[in-house]
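Below: one structure, written as structure tokens.
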Amino acid sequence: MRPSRIVAIYVLLVGVLFWVLDAAVESVVMGRGSFLSTLLTDIDPHDLWMRATVLALCGLLGGLLAWHMRRWEQGLKVTGELLRESEERYRGLYESMSEGVAFHELVHDGDGAAIDYRIVDVNPTFETILGIPRGNAVGRLGSELYGADEAPLLDVYAEVVTSGRLTTLETYQEALDRDFHISAFRTPAGGFATVFEDISDRRRAEEELLQRTHDLGKRVKEIRCLYQVARLSGDHGRTLNDVLQDIADVLPVSWQWPEIASAQIEFSDALFQAGTTEGVPVAAQSAEIVVRGETVGRVTVRYHAERAEEDGGPFLTEEQDLIDTVARVIGDTVEHQQAEAERESLARFPSENPSPVLRAREDGAVVYANAAAAALLHKLGSGVGRPAPTEWLEPVGKAMRSGTLRRIEVTIAHQTLILNVAPVSKQGYATIYGMDVTERRAAERALLEIEQRYRTVFENTGAATCLIGAEGTIILANEGFAQLASASREEIEGKLAFLGLCAPHEQERLAAYHYSRRKPEIDAPKRYEFDFVNRDGEVRRVFMHIDMILGTQTSVASLVDVTELRRTQTELQALTEELEERVQRRTTELRAANEELEAFAYSISHDLRAPLRSIDGFSKAVLDDYAECLDETGKSHLDRVRLASQRMGDLIDDILQLSKITRVEMRVDRVDMSALALEIIEELRAVEPERSVEVVIEADMIVDADRRLLEVALRNLLGNAWKFTGRREQARIEFASKPDEDGRAVYCVTDNGAGFDMAYADKLFQPFQRLHRIDEFPGTGVGLATVRRVIRRHGGDVWAEGEVGKGAGFYFSFHDL
Amino acid sequence: MASGVILLVEDNPDDVELTLRGVLHGRISNEVVVTRDGQEALDYLFCRGDWTGRNAHDLPAIVLLDIHLPRMNGLEVLRHIRTDERTSRLPVVMLTSSNEERDLAESYDLGANSFVRKPVDFDQFAAAVHQLGLYWLVINEPPPPTRGVRP
């Protein structure tokens, strides 16, 4: 408050005090009432006048004094320098500035170079910002105040002092761990001042903002990615594979390093890839695609090159969330599509059902029919929108009224159907489900037929047949079995145990068979004989064939009474044994006879010829030595003796050969008859080279035969042909083959020789039978018999055809060899 | 020094006579020694019994051996001849009435040099004997004496 006003108020207060003192005197001294009444109301007019005058005078005096005081004060201002007023204004500004201000002077070394600066003054904000009290700061060197080797920013400040230019800069002061905005200017005193602001917070805020902006950029990428994925997966018009490929395409660009990223979606057996293919993946992150709690695939993003790590790996934390979300979206999409497909297929159920499905209202009108039902209704002259067939109306009505399922069976043109009428009473209609049972009914009929057939077979097996249950009771028996058991079927079926009809000594064995037959792992004999005892106690030998009926515990047994058969067999066995013994005996006898015959033949060949040699030899000796004693007749007789003995010798040789044919063991080989015949003819030509005989032999007649025996036969046949063509000028012998009516080869040796009379054809092959005189054609009559034996030993046959004077043909074959 | 004897082993006197006639007919001059059975033939060859004292090195030029002989048959004689070192190379011709296959086979198995069947016809027989003599005594080179037999 200005001093002039104080003086004026003071004088006015003196006036008021006078008023109060006068009132107090009136009350106390003069006793004129209470203080308050004397003060304000009950005032004596004289007193009031006086008091008012005093108060007015005091007011006037105060006002005068105040006016004078004011003039004085203004006089002070005029004289008390405007400068001070200005300084005060700046000082106030300096003191109250939000920036820190410090005045400095440079400290120079001896050469005039600035080496430090000293703080001259600082404002309160300096103290606040740097936390250094003014007293500590003023007068100290920058280097020591800020704790550095060199005072901070000395170069800058020295330059400011030198150039006088205002310099502003932002700097981070490590010693203070602060960011500052500093303006430095030269002071008129030759020092410099700094106005500074702590911008650490602002800078932090800026950096944070920058970071936020960056993050936001990424979020936008992720959101865009998610948006695209959501859009793609929401497009139900496309196939799942197309959608998955598009999602894969979106992924790499949504990641922090798109240029080195690749994405892959594995789903079921398919693989969808996008992004770079260069280089080898060095990092990957993935998420499983789960549909209804089951992993069905995987989404993977890979980086194909190294990048600085951030947020614990080359991938951002949010990118794991992103890939998880993408996998989840894919999973949801798949689930949705599957659900959609299922719903669609469910919706098609009735329409695709091959069985008739239709719906009828209570009044009988058909409101829905699937294809099968429509076809069925068409046959019955009905259809959608028309009444259902008449015979269906009653069950429909009943079903609707009762609210329960009704079933009817109808036959329409060879087709048998069961119709299940299911009422949906609330909605006033019934659904009819048709079922084609044509085949089932046919199968049932067939089964009945088969059953009938088996029953007939069972009755007419020709054997005693019965079915035996698991407990051994005879369930079923045919008439044959009843006869065998000597009981009626009523007495047997379901009453009699099978074992009760077996002889006591058989029961243990048959019981074991019975039980093991009913166990799958054990085999029981299926065919065997045993002693059967009928109800009359008579024992019969039976042969039984028994086996399980597949899939049941019942066996079926067929019994044949073999009592008579076995007795006959026993007798037969005895007879057979006797016969065998007899055969054995005969064989031994035969072998002995054969050996005897062989010895006989051997003896003949040796002993029978010796006397002949003597006869011939000594006849010759007589002829030689006693020729002069004999006349011509004598000589002729001796010649005949010699001829006879030689013929006898030939006969013995032939007989021996004949017997040998039957005795020798056969050695079958491939024999070239053509070559053999040629050899024989050559020999014959050598003996009679003067004869001219045309011989034609078919080539390559090859047979399986004993070579030695066949040679004997051919020698006889060809020898005969040679011999009997002896009187022909143009002799001709042919050996050839031709097929018979069965296609087998028949061989024949034909000649144009003397031939023979067919009347004697059957005698030709008997030993010692001759059709020519000895002086016509010499021979023993054994040759053809020998031929026949040879051919017969080969299982073949030989026969002859001929005509006297024309020639003969000898045919043979090896039919059965 | 071999004397070129023909040893005939034959029991049938008729056959002996006829053979000798055949030899005569064939103008064969070699001496014919006749033994009547197998045992006697071996006695001759190995200088035993009646033939003790005979020069054992003087082996016949040829043996004509019948098969059917009393005591020891021709096949046994042949076996003895072939098993004894002294006579193992001796030419032996089987001369017999039979041409039974088993006789033929056995003779050759035992090492007979020839098998000749005596024909009933004497002319043929004589021809056979003549050819035998010609072959074995003239054409054929006799075997060298076996080792240790040379005097």
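Kindly evaluate residue A:780 against the criterion of being more than 23 Å from residue A:706 (Cα to Cα) and surrounded by 17 or more Cβ atoms within 10 Å (Cβ to Cβ). Yes.
Evaluation of residue A:223 against the conditions (1) within 41 Å of the chain's Cα centre (by Cα); (2) open to solvent by 60 Å² or more (accessible area, probe 1.4 Å) shows that the sole unmet condition is (1). The set of residues in region B:73-94 being touching a residue at least 40 places away in the same chain (Cβ under 8 Å), away from chain A (no Cβ under 14 Å) and open to solvent by less than 30 Å² (accessible area, probe 1.4 Å) consists of B:77, B:87, B:90, B:91, B:93. Given the criteria surrounded by fewer than 18 Cβ atoms within 10 Å (Cβ to Cβ) and touching a residue at least 24 places away in the same chain (Cβ under 8 Å), does residue A:114 qualify? For residue A:114, the condition - surrounded by fewer than 18 Cβ atoms within 10 Å (Cβ to Cβ) and touching a residue at least 24 places away in the same chain (Cβ under 8 Å) - is met. When restricted to residues that are open to solvent by 30 Å² or more (accessible area, probe 1.4 Å), outside any loop (DSSP other than H, G, I, E, B) and farther than 13 Å from residue A:14 by Cβ, region A:40-62 contains 9. For region A:242-257, filtering for residues that are at pLDDT 85 or above and more than 15 Å from residue A:326 (Cα to Cα) leaves 1. What number of residues within region A:669-701 are part of a strand (DSSP E or B) and open to solvent by 80 Å² or more (accessible area, probe 1.4 Å)? Within region A:669-701, residues that are part of a strand (DSSP E or B) and open to solvent by 80 Å² or more (accessible area, probe 1.4 Å) number 3. Applying the criterion of being of a type in the set (A, V, I, L, M, F, W, C) and touching a helix residue (DSSP H, G or I) at 6+ places or on another chain (Cβ under 7 Å) to the residues of region A:21-39, the residue that is surrounded by the most Cβ atoms within 10 Å (Cβ to Cβ) is A:23.
Counting only residues that are more than 14 Å from chain A (Cβ to nearest Cβ), free of Cβ contacts under 8 Å to residues at least 24 places away in the same chain and either under 25 Å from residue B:72 (Cα atoms) or in a helix (DSSP H, G or I) (or both), region B:1-39 holds 0 of them.
Close contacts from region A:600-617, counting a first residue that is within 8 Å of another protein chain (Cβ to nearest Cβ) and on the phi < 0 side of the Ramachandran plot and a second that is crowded, with 20+ Cβ neighbours inside 10 Å and of a type in the set (Lys, Arg), with Cβ to Cβ under 8 Å and a gap of 6+ residues or different chains, come to A:609/B:118; A:613/B:118; A:616/A:642; A:617/B:21. Total residues in region A:25-39 satisfying the condition of being part of a helix (DSSP H, G or I) and not aliphatic (A, V, I, L, M): the figure is 5. Among the conditions (1) of a type outside the set (A, V, I, L, M, F, W, C); (2) part of a helix (DSSP H, G or I); (3) not assigned by TED's automatic domain parsing to the domain that holds residue A:433, the only one that residue A:391 does not satisfy is (3).
Per the listing A:791, A:774, A:702, the residue uniquely over 60 Å from the mean Cα position of the chain (by Cα), under 27 Å from residue A:689 (Cβ atoms), assigned by TED's automatic domain parsing to the domain that holds residue A:676 and of a type in the set (Val, Ile, Thr) is A:774.
Scanning region A:249-290 for residues that are crowded, with 19+ Cβ neighbours inside 10 Å and touching a residue at least 40 places away in the same chain (Cβ under 8 Å) returns A:251, A:252, A:254, A:255, A:260, A:261, A:262, A:265, A:267, A:287, A:289. For region A:620-637, does any single residue satisfy the condition of being within 8 Å of chain B (Cβ to nearest Cβ), open to solvent by 30 Å² or more (accessible area, probe 1.4 Å) and at negative phi? The answer is yes; a qualifying residue exists.
For first residues located in region A:48-73 and without any contact (Cβ under 8 Å) to a residue 40 or more places away in the chain, partners that are open to solvent by less than 40 Å² (accessible area, probe 1.4 Å) and among the polar types (S, T, N, Q) and lie 6+ apart or on another chain with Cβ distances below 8 Å do not occur. Of the residues making up region B:95-137, those that are open to solvent by less than 30 Å² (accessible area, probe 1.4 Å), within 12 Å of chain A (Cβ to nearest Cβ) and in a strand (DSSP E or B) are B:95, B:96. Residue pairs whose Cβ atoms lie under 7 Å apart, separated by 6 or more positions or on different chains, with the first residue in region A:126-145 and over 18 Å from residue A:192 (Cα atoms) and the second at pLDDT 85 or above and outside any helix (DSSP H, G or I), are A:127/A:133; A:129/A:100; A:129/A:198; A:130/A:100.
Taking the conditions exactly as written (modelled with pLDDT under 90, acidic (Asp, Glu) and more than 60 Å from the chain's Cα centre (by Cα)), does residue A:751 satisfy them or not? In short, no. When region B:53-72 is limited to residues that are part of a loop (DSSP other than H, G, I, E, B) and in contact with a Pro (Cβ under 7 Å, 6 or more places away or on another chain), the one that is most open to solvent (accessible area, probe 1.4 Å) turns out to be B:57.
If I filter region A:732-748 for residues that are in contact with an Asp or Glu (Cβ under 7 Å, 6 or more places away or on another chain), part of a strand (DSSP E or B), buried (at least 16 other Cβ atoms within 10 Å of the Cβ) and on the phi > 0 side of the Ramachandran plot, do I get at least one hit? Scanning region A:732-748 turns up no residue that is in contact with an Asp or Glu (Cβ under 7 Å, 6 or more places away or on another chain), part of a strand (DSSP E or B), buried (at least 16 other Cβ atoms within 10 Å of the Cβ) and on the phi > 0 side of the Ramachandran plot. For residue A:434, are the conditions met, namely being in a loop (DSSP other than H, G, I, E, B) and either within 22 Å of residue A:351 (Cα to Cα) or among the hydroxyl-bearing types (Ser, Thr, Tyr) (or both)? No; evaluated as a whole, the condition is false for this residue. Kindly provide the set of residues from region A:347-361 that are surrounded by 15 or more Cβ atoms within 10 Å (Cβ to Cβ) and among the charged types (D, E, K, R), ordered by number. Of everything in region A:347-361, those that are surrounded by 15 or more Cβ atoms within 10 Å (Cβ to Cβ) and among the charged types (D, E, K, R) turn out to be A:359, A:361.
The values are calculated or read from the model by the stated rules, or taken from the named source; none is laboratory data. Quick caveat: nothing in here was measured; it's all calculated off a predicted structure. Neighbour counts are summed over all protein chains in view; Cβ atoms, including those assigned to glycine, are modelled from backbone coordinates with ideal geometry. Note: accessible area is taken over every heavy atom of the protein model, side chains too, but ligands, DNA and RNA are not part of it. Shrake-Rupley method; radii C 1.70, N 1.55, O 1.52, S 1.80 Å.
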